[in-house]
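Asker: Below are the structure tokens for one structure; questions will follow.
The values are calculated or read from the model by the stated rules, or taken from the named source; none is laboratory data. Fair warning: this is a prediction, and the values are worked out from it, not measured in the lab. Note: ideal-geometry Cβ built from the backbone for every residue, glycine included; neighbour counts use all protein chains shown.
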Amino acid sequence: MGVAMASINKKKLADSVIEEIKRMIASGELGEGDKLPNQHEFAAQLGVSRTVLREALQTLAILGVVEQRPKIGTVLLTRAPLAYTEHLSAPLMEDHQATIELIDARRVIEVGAVELAAQNADQEQIRQMGTLIRQMERLLNRGDTDGYIEKNMAFHLLIAESSGNRFMAHLLATIRGFMQRWTVESLTVLPGLDQRSLFLQKEIYQAVLARDPAGAAEAMRRYMNDFLASVKKFYQDQEESSSNRRAQ
């Protein structure tokens, strides 16, 4: 653990922390059964806040990579699930099939997760959802897209966690990197998607707050269907534009 940590990029901080932990494992600095430094020390070494570090460790815990042990701290269990955190090398929006499959995967996982969350979320989790919605709105109004995306990811991961089903939380965590990359790319090329996304996420939150499982599932379904319709229109417009250029 004496080797100096690489500097952490301030963008996509939680993902960067995960990448740094992966690097430490690959280099032999961390092995199975090793205890990570305490959060205050580790966050300082990585150059991030403890909040960012906790988010990264929470994702790794859901994946089964680390475990929080009372009176001991965070322990590395295995490196095997880290393969799921790899990002695609090419932009997702350039891969039509991958984009559609990602939205379909999210729809299957998140519709079920939010239905359970409306039944199982505790009051603190619901309070956190409301806080994230308000933060997303403020960030969007300020034009802070990166901040909005970070809170967007946190909102959806919190819903999965609030479902009370660890397998659902695990499944969503495994595609978190893809979700974040796709959201960044889609908000760049799909005008108005950010405002519609926020509006639909408010509906999701209101249904969870009302303890309405069917309403929450339907709101999430509308959210995913809006993404899908926007993407399909984007691809259709691209194809028509390409056809017109070839015809000239």
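Asker: When you go through (1) part of a helix (DSSP H, G or I); (2) modelled with pLDDT of 90 or more one by one for Asn244, which number turns out not to apply?
Answerer: Exception for Asn244: condition (2).
Per-residue answers, yes or no, for (1) crowded, with 19+ Cβ neighbours inside 10 Å; (2) assigned to a helix (DSSP H, G or I); (3) modelled with pLDDT under 65; (4) in contact with a Gly (Cβ under 6 Å, 6 or more places away or on another chain):
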site	(1), (2), (3), (4)
Leu60	yes, yes, no, no
Pro81	no, yes, yes, yes
Thr99	yes, yes, no, no
Ala105	no, yes, no, no
Glu110	yes, yes, no, no
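Asker: Being surrounded by 12 or more Cβ atoms within 10 Å (Cβ to Cβ), on the phi > 0 side of the Ramachandran plot and at pLDDT below 95 narrows it down to one residue among Gly33, Gly73, Gly28; which is it?
Answerer: Sole residue among the options that is surrounded by 12 or more Cβ atoms within 10 Å (Cβ to Cβ), on the phi > 0 side of the Ramachandran plot and at pLDDT below 95: Gly73.
Asker: Would you confirm whether any residue within region 200-221 is crowded, with 20+ Cβ neighbours inside 10 Å, over 20 Å from Gln119 (Cβ atoms) and of a type in the set (S, T, N, Q)?
Answerer: no
Asker: Need at least 2 residues that are without any contact (Cβ under 8 Å) to a residue 40 or more places away in the chain and aliphatic (A, V, I, L, M) per element, so show me which helices (runs of 4 or more DSSP H) inside region 133-218 make the cut, counting only ones lying wholly within it.
Answerer: 145-162, 193-209
Asker: Every residue in region 90-117 that is more than 22 Å from Arg196 (Cβ to Cβ) and more than 19 Å from the chain's Cα centre (by Cα), please.
Answerer: Matches in region 90-117: Glu94, Asp95, Gln97.
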